[in-house]
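What follows is a set of notes on a single structure, which appears directly below.
Please treat every number below as a calculation from the coordinates, not as lab data. Every value quoted in this text rests on a predicted model; they were computed, and no experiment measured them. Using ideal geometry, Cβ is built from the backbone for each residue, glycine included, and neighbour counts are taken over all protein chains shown.
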Protein chains: 2
Amino acid sequence: MAVAARPVIRPIEDNFSLKERTYGALKEAITSMNIYASAEEIRLDERQLSKDFGVSRTPIREAIARLQQEGLVHIAPRKGVFVVRKTKAEILQMITVWAALEGMAARLITETASDAEIATLRTMFATFEGDQVQAKIDEYSDTNIRFHQAILKMSQCDLLCEMAEHLFLHMRSIRMRTISERDRADRSIIDHMNIIEALEARNTDFAERLVRQHTLDLAAHVEENVDYLD
Amino acid sequence: MAVAARPVIRPIEDNFSLKERTYGALKEAITSMNIYASAEEIRLDERQLSKDFGVSRTPIREAIARLQQEGLVHIAPRKGVFVVRKTKAEILQMITVWAALEGMAARLITETASDAEIATLRTMFATFEGDQVQAKIDEYSDTNIRFHQAILKMSQCDLLCEMAEHLFLHMRSIRMRTISERDRADRSIIDHMNIIEALEARNTDFAERLVRQHTLDLAAHVEENVDYLD
DNA sequence: TCATGGTATATTGTATACCAACACCGGGAG
DNA sequence: CTCCCGGTGTTGGTATACAATATACCATGA
């Protein structure tokens, strides 16, 4: 059968509104910058942004309103819009909540995920056999993050994933590298393997406990070693 | 002594901007209405709201942008803004996350709260001695909600509290009354007492497990009995 | 009668002008 | 030298005009 002369299947690439694009651009800019590098507050000038983006202030303001709701910026009436700096206490709370979310994700995985899915977790660490971890410390850092995101995703609970992602967004500006440092990497990979084993064994309570404790250990580490906050 | 000619005491309560007040008003309106009463979508008309509130569209739009970010409304470009209706699956996910959060709260309570604080939980149920529960079913429903909020608050973790509150906001429109029905009230109060005991005993793991299971039981109940969603 | 295309209208998206409030700075008085 | 006060500029807040587009309705022709 001949193919009909249909013009073309054009899904019409997303016509994002200016508000949407401005929101995305600002969010990206904020999360990718190191907020804690300079001591002084970082201010967003509506009119300046308006010129930079080449749009009017209206979409800028709506984007800022959303960023405010998201907790990324603080609007000081008649003074300016400022990027919020999380306090150490707030970071610790975020990690605590993260521990709760990821722990629940682990539970769900033991109940619903397939063996094949769980098996994919092992492959993530295939390149870190033996003592390769120290050598590929940067690469491991990325893998580390992807591992935790994989756990969340595998839970099949979109909300869980979304909320954890949101928390992670706020922590991106803090250099995660310094958090999972060399001396922690070895311990980390052991934890991960134990977690995978618990998942494979469908040991719900144990898997949750391991995941929770692993994340709470991070909190303790931050509590003790991170000092460039506040 | 004559009263000085002070202009007025005015605590200047309305230091809130129009955007802020519009946001609050819309949020209150949305959460207090029963979204699922009618089958058709509920639309918010900017111009209508503009007239109702007596302000221009700008603050309305900024408030709507925030509500969108919060997940309460959906903006369909050039078509209108609509109050989002949560699906049953989304509700179940919210309850699941809630279980994780409140479980973690219970953990924290066993580690940091004072005996006196924990004791206050008992007083909440003082008026429901014996079989009073069935008689005061409505009142118990409120107490039930306050109990869970008290747990979150007592955890001393503001973020935990805030995120749970946010989840609760989305569920308010669903009649919680029907969720904690007569036949569940008895079981509920038993669970609560067990939870309090575990907290008092500082039994971290057990308290968490009881709290988590109590909430997951709710999820199972919703799964089975709630059918006015979707 | 039905399909098709144009058009009117309604609704949000965007730009811009103006306003009110606050910060900042400089000068004068003590 | 310090402190107060007022002018002035900057900034977010608000209103409104205009543009773009989705939708419904209607006319027209097969």
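Odds and ends about this structure:
- 10 Å binning of all Cα-Cα separations within the protein assembly as shown, expressed as whole percents from 0 upward: 4, 16, 24, 26, 19, 8, 2, 1, 0, 0, 0
- Rg/Rh for the stretch B:88-225, where both radii come from Cα atoms and Rh is the Kirkwood radius: 0.94
- Relative contact order (%) - criterion: Cα under 8 Å, at least six apart; region: chain A: 27
- Less than 5 angstrom separates the built amide H of B:Phe125 from none of the residues sequence-distant by 5 or more or on a different chain.
- Across the identical copies, the 7 Å label point of A:Gly80, projected outward along Cα→Cβ, sits 4.3 nm from its counterparts, in ascending order.
- Reciprocal of mean inverse Cα separation for the stretch B:18-83 (Kirkwood radius, Å): 12.0
- If you take the Cα centroid of the stretch A:182-230 and the Cα centroid of the stretch B:28-95, the two points sit 40 Å apart.
- Under a Gaussian network description of chain A, with springs only between Cα atoms under 10 Å, the residue in A:Ala65, A:Ala116, A:Ala198 that fluctuates furthest is A:Ala116.
- Violating pairs (Cα-Cα greater than 30 angstrom) within the set A:Lys19/B:Lys153; A:Lys51/B:Lys86; A:Lys51/A:Lys88; A:Lys19/A:Lys136; A:Lys19/B:Lys51; A:Lys51/B:Lys27: A:Lys19/B:Lys153; A:Lys51/B:Lys86; A:Lys51/A:Lys88; A:Lys19/A:Lys136; A:Lys51/B:Lys27
- Net charge over other residues, Cβ less than 11 angstrom from the Cβ of B:Asp205 (K, R count +1; D, E count -1): +3
- From the C-alpha gyration tensor of chain A, square roots of 5λ in Å: 35, 28, 16
- Mean Kyte hydropathy of 0.0 or more with a Cα span along the axis of at least 24 Å, helices from DSSP in chain B: B:88-112
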